[in-house]
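Asker: Mind looking over this structure? Questions follow.
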Amino acid sequence: MADPRFFRAAGPLTLREIARLASAELDGAADPARPMKDVAPLEAAGEDDVSFLDNRRYLDAFRSSKAGACVVAPEYAEQAPKGMALLKAAKPYRAYALVARAFYPPSPRQEGRHQTAVVDPTAQIGSGTAIGPGVVIGARAEIGPDCLIGANAVIADGVVIGAGTDIGANAFLTHCLIGARCQIHAGVCIGNRGFGFAMDADGILDVPQLGRVILEDDVEVGANSTIDRGAGPDTMVGAGSKIDNLVQIGHNVRLGRQCVLVAQSGIAGSTKLEDHVVVAAQAGVAGHLRIGKGAQLAAKSGVMRDVPPGLAVGGAPAMPLREFFRLCTIWQRQLKARGKPDD
């Protein structure tokens with residue numbers, strides 16, 4: 001159950017309403033007018049709660065669940081416990097997400113500017129935007145309507161932020177243009193100078209980083225992630241991309257639309273990721289590479305060469321995932337053949 005100190009449920013909702021929201025088929029035996037009060041995991045749900053099943057690993061929990069209703073794929077419907085109302089959906093997890101969003105809609109925004117905020121008189125602030133305590137907004141910054149600027153965030157000179165974007169506490173934004181409806185979480189740094197320098201026998205000489213960071217609409221950047229501005233060309237993140245916590249994106253990197261970068265992954269400078277690329281946790285991608293559309297980089301991959309579209313790779317150096325698993329099998333056989341180290 002969601003802790004009421006932090007989350008406020010908007011229920012109850014009837015099964016008819018829930019089925020409509022989720023585009024799900026309500027089981028014929030269920031009462032469409034039956035009210036549901038909340039959403040909950042299979043193990044914790046009660047008779048007034050809606051749960052979901054999306055993975056066959058949790059079939060035992062599904063069979064014994066006390067949930068009043070469950071979003072489920074049609075092929076698992078026959079294994080439901082007696083009395084459970086079923087909401088059949090081809091994509092149960094997506095359907096459940098729609099249901100959970102209905103029970104827990106975003107909190108209403110508190111418009112206004114905290115008295116401790118420092119806003120340059122040349123900055124433009126859209127209507128309905130909330131500015132928290134300790135915020136600093138620099139000269140010529142442009143912030144669209146219905147934004148939220150969290151406590152102690154710094155919006156440097158000239159930064160542009162689109163309508164409906166949330167900026168988390170202690171975020172720092174400079175040299176960047178941010179699209180509409182983005183989510184920038186706490187501690188994010190966007191637009192810091194890129195890590196570029198000339199290095200030879202005469203020493204290390206910093207190269208001016210004269211580009212920007214451009215985030216298109218509906219991008220999410222997780223807590224304490226960093227995106228460096230470009231050296232000349234811009235660093236760009238395509239619309240709908242999801243960046244997890246503690247991710248590093250170097251200068252001149254270009255992410256396509258709806259890419260996913262998982263925690264502690266890193267992309268070195270001037271590498272291009274095409275649309276729908278997934279970079280799993282702690283994967284690292286060298287600079288000046290091209291990662292093709294729909295490619296998947298497994299956790300802890302070390303990617304040192306271009307990756308063709310649609311290919312899944314793993315290992316360090318990264319190779320096609322099937323080859324990597326085949327190598328792992330060979331290594332394991334060799335270890336068994338050699339016996340224990342003290343034999």
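Asker: Modelled label-to-label distance, Q282 and Q332, 7 Å Cα→beta-carbon offset: nm?
Answerer: 1.9
Asker: Fully extended, how many nm does the chain gain between Q79 and A100 (0.36 nm per residue separation, minus their Cα-Cα distance)?
Answerer: 5.2 nm
Asker: If we count every other residue with Cβ under 12 angstrom of G196's Cβ, Lys/Arg +1 and Asp/Glu -1, where does the sum land?
Answerer: Value of the local net charge: 0.
Asker: Here's something else I'd like to know. Give the span of the chain's Cα atoms along each principal axis, as three whole-Å numbers ordered largest to smallest.
Answerer: 78, 71, 38
Asker: Write down the percent of antiparallel bridges among all DSSP beta bridges whose residues are both part of region 4-136, to the nearest 5.
Answerer: Taking every DSSP beta bridge with both residues in region 4-136, the antiparallel ones total about 25 percent.
Asker: In nm, give the distance between the simple-model label positions of R8 and D202, each being 7 Å from the Cα along the Cα-to-Cβ direction.
Answerer: Output for this residue pair reads 6.4 nm.
Asker: Taking R0 as 30 Å, what FRET efficiency do you get between E47 and S107 from their Cβ-Cβ distance, rounded to the nearest 0.05?
Answerer: Result of the calculation: an efficiency of 0.60.
Asker: Separate question: Find how much the distance from A139 to H114 grows on full extension, using 0.36 nm per residue of separation minus their present alpha carbon separation; answer in nm with one decimal.
Answerer: This chain segment gains 7.2 nm when fully extended.
Asker: Sticking with this one: Mind giving me the FRET efficiency for A29 and T122? R0 is 56 Å, r the Cβ-Cβ distance, nearest 0.05 is fine.
Answerer: Result of the calculation: an efficiency of 0.30.
Asker: Based only on other Cβ atoms within 10 Å, what is the fewest-to-most ordering of F172, F197?
Answerer: F197, F172
Asker: Can you say what percent of the DSSP beta bridges in the chain, counting only those with both residues inside, are antiparallel? Round to 5.
Answerer: Just about 15 percent of them are antiparallel.
Asker: Another question, if that's okay. Only loop residues by DSSP count here, and only those with at most 13 other Cβ atoms within 10 Å; note down the chymotrypsin sites (Phe, Trp or Tyr not before Pro) in region 82-128 that meet that.
Answerer: Passing both the DSSP loop test and the Cβ count: no residue.
Asker: Where does the charge balance sit around S127 when Lys and Arg score +1, Asp and Glu -1, over other residues with C-beta under 11 Å from its C-beta?
Answerer: Counting the neighbours of S127, the net charge comes to -2.
Asker: Here is a further query. In deg cm²/dmol and to the nearest 500, what is the mean residue ellipticity at 222 nm of the chain if only DSSP H runs of at least 4 residues count, each as -39500 (n - 2.57), divided by the residue total?
Answerer: -4000 deg cm²/dmol
Asker: Past 18 Å, Cα to Cα, is the threshold; run K242/K272; K37/K66; K37/K82; K272/K293 against it and keep the listed order.
Answerer: K37/K82
Asker: How far apart, in nm, are the 7 Å Cα→Cβ label points at D217 and A299?
Answerer: Distance between label points: 3.5 nm.
Asker: About its Cα centre, how strong a charge dipole does region 28-175 have in debye, to the nearest 20, once Lys and Arg get +1 and Asp and Glu get -1 at the Cβ?
Answerer: Result for region 28-175 is approximately 320 debye, rounded to the nearest 20.
Asker: Going highest first, how would you order 84-91, 281-288 by mean Cβ packing within 10 Å?
Answerer: Averaged packing, sorted descending, gives the order 84-91, 281-288.
Asker: If we count every other residue with Cβ under 13 angstrom of V277's Cβ, Lys/Arg +1 and Asp/Glu -1, where does the sum land?
Answerer: Neighbour charge sum, excluding V277 itself: +3.
Asker: Rounded, prolate or oblate, given the Cα gyration tensor of region 13-103, with a/c below 1.5 counting as rounded?
Answerer: Rounded, since a/c falls under 1.5.
Asker: Given the Cα-Cα distance of R20 and L59 and 0.36 nm per residue of separation, how much length would full extension add, in nm?
Answerer: Length gained, R20 through L59: 11.5 nm.
Asker: Over the chain, with a Gaussian network built from C-alpha contacts below 10 Å, which listed residue (P309, P74, P106) shows the highest mean-square fluctuation?
Answerer: Sorting by GNM fluctuation, first place goes to P74.
Asker: Run through the DSSP bridge list for region 185-241 and note the antiparallel percent, rounded to the nearest 5.
Answerer: So the antiparallel bridges in region 185-241 amount to around 40 percent.
Asker: About the Cα centre, and with charges only on the beta carbon of Lys, Arg (+1) and Asp, Glu (-1), how big is the dipole of the chain? Nearest 20 debye, please.
Answerer: Computed about the Cα centre, the dipole is about 840 debye.
Read-outs throughout are calculated quantities, based only on the coordinates presented, and are distinct from any laboratory measurement. Just so we're clear, the structure is a prediction, and the values are computed from it rather than from any experiment. No Cβ is skipped: glycine too gets one built from the backbone with ideal geometry, and neighbour counts run over all protein chains shown.
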